[in-house]
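Presented below is the structure to which this report refers.
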Amino acid sequence: MTSKTVAQLLSQDVTLQDVSIKGWVRTFRANRFIALNDGSTINNIQCVVDFENFDEALLKRVTTGAAIHVTGELVESQGKGQSVEIVVKSLEVLGDSDPETYPIQPKKHSFEFLRENAHLRTRTNTFSAVMRLRSSLSFAVHKYFNENGFNYMHTPIITGSDAEGAGETFRVSNLDSKNPPLNEDGSVNYKEDFFGKETNLTVSGQLEAETYAMSLGKVYTFGPTFRAENSNTSRHLSEFWMIEPEVAFMDLAGNMDLAEDFMKSVLSYILDKNKEDLEFLEKRLLDEEKTKPQAERSDMSLIEKIKFVVDNNFKRVSYTEAIDILKNSKPNKKKKFNYIIEEWGADLQSEHERFLVEKHFKCPVILFDYPANIKAFYMRLNEDGKTVRAMDILFPGIGEMVGGSQREERLDVLKEKMKALDISEEELWWYLDLRKYGTAVHSGFGLGFERLVMFATGMGNIRDVIPYPRTPQNAEF
Ligand code: 4AD
Ligand code: MG
């Protein structure tokens, strides 16, 4: 007799054989039907017990949430809803549950409640499906880069620089917070800190990835990044995973091609590998949509949306064109936007991005050539002297999925920019070295992995696509 997973048992048609299976009880109905799940698939296997053959005290312990070991015969199912089932010969309770206090009852729970019980929420269909998809997608990410000649690089998590030039980092320090060493002017003396300087958790692996692109050619990082922004939205986490490829001798057009091809590839991977999970989540989303007013309902199902992205070209639009569209749009003229677009140079808010993607183009949009002064210091200045070779990829229902650019490879232009923004040359000496020794055109982007998982699963809140979300005022588990 061999131990198998539920997924294996359900996908085979050889019947009448001895099997052994371990899992958690989802329900035990009529003292006869155990729905057993082991996480290998969205589906349960039905285990049929003849209660006359079993001790009543033992059967009482078969409650929702208990871990059990079942052996028996795999047979063609008599009932509806499953093709095979197990006729139980022996039953062992490996770990009892307490039906009075077990939080995951066989009924609908709110996502808020399940977030408070995030350690048990993957015992529900929705969360097990989401997390299997998350796992599959991250495998697809590595597969794509591996098959396309990229080297996987582990960029540091503790850094001494703030890549984006923004003050939104988490400090890393082991100084005594009650009594830190001070400089003469009363400021904290970080020379006495662990690393002998101020350090923080990384906001992006990009700058270090650039160094490797300029030697290994094609690299990517895929790791956790940290941002201390106080933005309590359904699309922001304080700790999130970012995929960042960086490629030498590639310009912005190549960067757009790479991002588009990459996203299509990982999404088609899950269409193939995670069919059952996607079908389940599609149905969940349809049920949820039914509770919304008609106008807010999507005209595509989850799988249709994913296929649409895989099969259609992303729309490429310059910032300048986008501003024209927005200026002449109905919500702008009727002052329905919170921020009215008046002139070129305005930073786009998510209401504008949503309008472009969901109302105007109705497909993923790559916006490029943004005004230099609303983008980061390292982006390549265009010949017009006022725009940079930046690109953002905007997705329906999500907003910004990708941010990237061609990097400024000219030492003098980069230095000037850093000076204007008061970014210290001493701190980024190694970054400037890349422009001194064999500089070249290079580009890359960052894709927020959780936003991709949101799109692929149809989940509406980013807290529900990462196992243990970190957000302002929340770091439970
Ligand atoms: O646009 P961002 O800030 O770009 C960078 O960090 C560049 N250094 C990337 C690069 O060129 N290598 O972030 C990239 C993506 C965003 O488009 C978004 O998808 C995601 O990271 N992101 C977040 N996801 C979840 N929570 C947050 N707080 C996020 N901030 C950014
Ligand atoms: Mg961005």
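A few comments on the model shown:
- For the condition away from ligand 1 (no atom under 13 Å from the Cβ), of a type in the set (Lys, Arg), touching a residue at least 40 places away in the same chain (Cβ under 8 Å) and under 29 Å from residue 197 (Cα atoms), residue 436 does not qualify.
- Boolean, residue 401 is among the aliphatic types (A, V, I, L, M), in the same structural domain as residue 439 (by TED's automatic domain parsing) and touching a strand residue (DSSP E or B) at 6+ places or on another chain (Cβ under 6 Å): yes
- Hits in the range 58-103 - residues which are assigned to a strand (DSSP E or B), of a type in the set (Gly, Ala, Ser) and exposed (fewer than 12 other Cβ atoms within 10 Å of the Cβ): 90, 95
- Filtered by the rule that a residue be touching a residue at least 40 places away in the same chain (Cβ under 8 Å) and either hydroxyl-bearing (Ser, Thr, Tyr) or at positive phi (or both), the range 364-405 gives 369, 370, 378, 387, 397, 399, 405.
- Just one of the listed residues (400, 409) is under 25 Å from the mean Cα position of the chain (by Cα) and within 15 Å of ligand 1 (Cβ to nearest atom), namely 400.
- Which listed residue is within 30 Å of residue 381 (Cβ to Cβ), touching a helix residue (DSSP H, G or I) at 6+ places or on another chain (Cβ under 7 Å) and basic (Lys, Arg), from 273, 327, 264, 315: 315
- Elements of type helices (runs of 4 or more DSSP H) contained in the range 368-476, each with 3 or more residues being more than 16 Å from ligand 2 (Cβ to nearest atom) and closer than 28 Å to residue 321 by Cα: 411-420
- Test for residue 328: is it within 30 Å of residue 424 (Cα to Cα) and either exposed (fewer than 14 other Cβ atoms within 10 Å of the Cβ) or in contact with a strand residue (DSSP E or B) (Cβ under 7 Å, 6 or more places away or on another chain) (or both): no
- Matching residues in the range 288-318 - criterion: being assigned to a helix (DSSP H, G or I), farther than 15 Å from residue 458 by Cα, hydrophobic (A, V, I, L, M, F, W, C) and at pLDDT 90 or above: 310
- When the residues of the range 37-57 are filtered to those that are acidic (Asp, Glu) and not in a helix (DSSP H, G or I), the one that is nearest to the chain's Cα centre (by Cα) is 38.
- Filter result for residue 228 (over 15 Å from the mean Cα position of the chain (by Cα), assigned to a loop (DSSP other than H, G, I, E, B), touching a residue at least 24 places away in the same chain (Cβ under 8 Å) and within 13 Å of ligand 1 (Cβ to nearest atom)): yes
- Any chance residue 173 is modelled with pLDDT under 95, more than 30 Å from residue 263 (Cα to Cα) and either in contact with a Phe, Trp or Tyr (Cβ under 8 Å, 6 or more places away or on another chain) or of a type outside the set (Phe, Trp, Tyr) (or both): no
The values are calculated or read from the model by the stated rules, or taken from the named source; none is laboratory data. Quantities reported herein were computed from a predicted structural model and do not represent experimental measurements. Quick reminder, even Gly has a Cβ in these numbers, built from the backbone with ideal geometry, and neighbours come from all protein chains shown.
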